[in-house]
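Notes to accompany the following structure.
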Amino acid sequence: MFNWKDEYSCNVSEIDLQHKNLFELGNKLYTIVSLSQKYDRFDEIVKTLEELRNYTIYHFEFEENLLKLHGYENIEEHKKQHEAFIKKVTSIDEEYMDLNQKKVSMDLLTFILDWIGNHILKTDMGYKEFLNNKGIY
Ligand SMILES: [Fe+2]
Ligand SMILES: [Fe+2]
């Protein structure tokens, strides 16, 4: 399970809210995958994964637009990271997932949550001061 910590805060309320929503979706997926030992939850897993993917795309776009609007310098590198993540999450083979449901979904979920956590701490933090200096909180 993923727990939000203060160190994840970018000090911009809308961004923090979106990051929290991402982890909430991750936790929702975690709960479903945990239950999948007893029951076949494949449809639910795929649905929640899609929800997570769509929300991630929404969040990335929001972030990129905000950074673009304020003339953030490192936008291209930041965007590249977002794109690579979307590509990876979109390339999941659902057939393979169905066969190894629990293991594959757990591995994937761990990857997603690790990636998001790391990205917030290392890359998103890079714009914290920048946006705050522009008066964005
Ligand atoms: Fe980002
Ligand atoms: Fe972000």
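Read-outs: derived from the displayed coordinates by stated rules, not from any lab. Quick caveat, the model's predicted, so the values are computed rather than measured. Quick reminder, even Gly has a Cβ in these numbers, built from the backbone with ideal geometry, and neighbours come from all protein chains shown.
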So if we plug the beta-carbon distance of Glu44 and Asn133 into 1/(1 + (r/R0)^6) with R0 = 35 Å, what FRET efficiency do we get, rounded to 0.05? 0.20
Pairs on different chains or at least eight residues apart, Cα atoms closer than 25 Å: how many lysine pairs in the range 10-96 fit? 21
Between Asn27 and Met106, what length in nm is gained on full extension when 0.36 nm per residue of separation is reduced by their alpha carbon distance? 27.3 nm
When the Cα centres of the range 68-123 and the range 15-50 are compared, how far apart do they sit, in Å? 15
The Rg/Rh figure for the range 44-137, Cα atoms and Kirkwood Rh, to two decimals is 1.06
